[in-house]
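What follows draws every value from the coordinates through simple rules; no lab data is involved. For clarity, every value in this text was computed on a predicted model and none was experimentally measured. Cβ coordinates were reconstructed from backbone atoms using ideal geometry, including for glycine residues, and neighbour counts include every protein chain displayed.
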Ligand SMILES: *Cc1c(COP(=O)(O)O)cnc(C)c1O
């Protein structure tokens, strides 16, 4: 037995505090096991996971199919680098492009790397295909976005805490309000140098802001009209989380991203991460068709670990689980129940004012200021009552359980959540 297993939670928290950078502020819960919708702490207490590692664990913790794929590949070949071929990457590339309906994929590891990759492809496309003059390309982004933590990505964030003293920043971004189609048209039409529009179909980190029903489809139409790339960051919303394979699929739960229904907006560049591996391994991807992806030539972009054989088999297993277990359909069904039940409670609640979301990406708004610690205190109480969730922004709590949850489990969780909220009624 290792020395760690004998330590109590306070000791474990203390060593992190002493030896780890303080770039997070976790709830004081120390986990050492997960299975499906549950996680356990080091003292054996069982919790419902209502964060799913920010929607990376859509397929549930330690899904046996994903773990099996990972373990057997890890015992065979883990990394070749892209200096050579490996026998899994091409198979995965064919699988994932067919699954999402694109010609090509560029494999990376984290969400932020995939966003960076998409921005680079978009700029290169603008110079080499659209004919934008050197160094003039502009990419439109939305206020309150979250796309990751690199210097370029925080250059167009408006979270001051994420930006302060990290400058100088990268130029070439125009920020417009989210869910404002007129602002988008104005920005797109303002200059021939607009290369792309980068958007989250639902703003997760900002507090689960769901735009108007037709916003994404209209945004895509404007991009097409002005020859601007429509870039969807589905790192959090993608892979069944919002009740369809992708959030851009609107109201369709089939296993393929396709053009079957009118709310569908095919991205020119699709960015995936998080649940692409079911939380087992860092796997991200950028998908696009040939006329866009072919602007990237050997030596112009890369990653030592991107496209490694473990990532390839893990991602294939993770996507198979999504279709085999009808996770989009389940997310849609349970999400509806969740919002209906929470809405019933909110009618008479003085502490929760609103529930919003799509599929199993939901949030409740707490009746207190953004700076208050009420949402944090509620999350502490939820943990005590056996359910783990985390505030996104001051007074907003996100609820995003693994999509393998059963209806009975969800009803159990709704009871825990409403019971806990009632303890905060004034
Ligand atoms: C989490 C997230 C990212 C960044 O992913 P990392 O793997 O943390 O780098 C990018 N975009 C969105 C929408 C996300 O939710």
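Remarks
- Residue exposure sequence - 7, 108 - by fewest surrounding Cβ within 10 Å: 7, 108
- Note that segment 65-324 carries a Kirkwood radius of 18.6 Å, evaluated over its alpha carbons pair by pair.
- Gyration tensor (alpha-carbon) shape descriptor, segment 109-202, a/c threshold 1.5: oblate
- The chain: angle of helix 89-100 to the longest principal axis, Cα-based, in degrees nearest 10: 80
- Rounded to the nearest 10 degrees, the angle from helix 374-384 to the longest Cα principal axis of the chain is 60 degrees.
- Taking the chain and dividing mean pair separation by its residue count, relative contact order in percent (alpha carbons under 8 Å, at least six apart): 22
- Cβ crowding within 10 Å, taken as a proxy for footprinting-reagent exposure, orders 325, 182 from fewest neighbours to most as 182, 325.
- With neighbours defined as other Cβ atoms within 10 Å of a residue's Cβ, the residues 154, 231 order from fewest to most as 154, 231.
- Simple spin-label estimate for residue 94 and residue 369 in nanometres, 7 Å along Cα-Cβ: 6.1
- Between residue 251 and residue 11, the simple spin-label model (points 7 angstrom out along Cα→Cβ) gives 5.8 nm.
- From the alpha carbon centroid of segment 16-69 to that of segment 74-133 is 28 Å.
- Cubic angstrom per residue, convex hull over Cα atoms of segment 237-360: 143
- FRET efficiency, 1/(1 + (r/R0)^6) with R0 22 Å, evaluated for residue 135 and residue 186 via beta carbons: 0.40
- FRET efficiency, residue 214 to residue 27 (Cβ-Cβ, R0 30 Å, nearest 0.05): 0.20
- Efficiency of FRET from Cβ geometry, residue 290 and residue 84, R₀ 30 Å, rounded to 0.05: 0.80
- Per-residue packing, averaged as other Cβ atoms within 10 Å, sorts the ranges 224-230, 315-321 into the order 315-321, 224-230, beginning with the highest.
- In the chain, helices alone account for a calculated mean residue ellipticity at 222 nm of -10500 deg cm²/dmol, with every DSSP H run of four or more residues adding -39,500 (n - 2.57).
- Nearest 10 degrees, 0 to 90: helix 309-324 Cα axis against the chain principal axis: 70
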